[in-house]
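What follows is a set of notes on a single structure, which appears directly below.
We did not get these values from a lab; they are worked out from the coordinates using the rules stated. Because the structure is predicted, anything quoted here is derived from the model rather than measured. Here Cβ is always computed from backbone atoms with ideal geometry, including for glycine, and neighbour counts include all displayed protein chains.
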Amino acid sequence: MKNKFTNKPWLTFLSNKYVWVLLFFCIWMIFLDNYSYFNHRILDEQIQDLEENASYYKEEIKKDKENIKQLKNSEQIEKYAREKYYMKKDSEDIYIIEFENDTLKK
């Protein structure tokens, strides 16, 4: 009796030991290794988030440098102190008016 699978090309391909080693290596690298494809995807997302944060903070640094440049003027320092810290001159009185249904939150 003759085996009907002996002359099939896919059987000879699958019986090759190099194919099995290559298949095992690919599965190992994709799923099981410390540097697997899935770990790289997670790390790439984290890198992208950190780069977005870096660009945000660079913009904030530019704004802060502009504010520092403006605060070198004594009039700007006085204006900032009055608005931010409610400072006043000795001869002045400050009244802070808050409404009950004020929509602006501090």
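Brief remarks follow.
- Loop-resident trypsin sites (Lys or Arg not before Pro) (DSSP state other than H, G, I, E or B) in the stretch 9-99 with no more than 12 further Cβ atoms inside 10 Å of their Cβ: Lys72, Lys88, Lys89.
- Dipole-positive endmost among Trp28, Leu43, Tyr95 within the chain (Cβ charges, Cα centre): Trp28
- Between Asn53 and Tyr86, the distance separating the two model label sites (each 7 Å from Cα on the Cα→Cβ line) works out to 3.5 nm.
- Principal-axis tilt of helix 74-85 within the chain, Cα atoms, nearest 10 degrees: 70 degrees
- Principal-axis tilt of helix 37-70 within the chain, Cα atoms, nearest 10 degrees: 20 degrees
- Contour excess over end-to-end distance, with Cα ends at Glu66 and Lys79 and 0.36 nm allotted per residue: 3.1 nm
- Multiplying the residue separation of Tyr95 and Asn16 by 0.36 nm and removing their Cα-Cα distance gives an extension gain of 19.6 nm.
- Rounded to the nearest 20 debye, dipole of the chain from Cβ charges on Lys, Arg, Asp, Glu: 1200 debye
- Isotropic mean projected area of the C-alpha convex hull, the chain (nm²): 17.5 nm²
- Protection proxy ranking, highest mean first, for peptides 29-35, 93-99: 29-35, 93-99, where packing is the per-residue count of other beta-carbon atoms within 10 Å, averaged.
- Set Lys63/Lys89; Lys58/Lys84; Lys62/Lys88 screened for pairs whose C-alpha atoms are more than 27 Å apart: Lys63/Lys89; Lys62/Lys88
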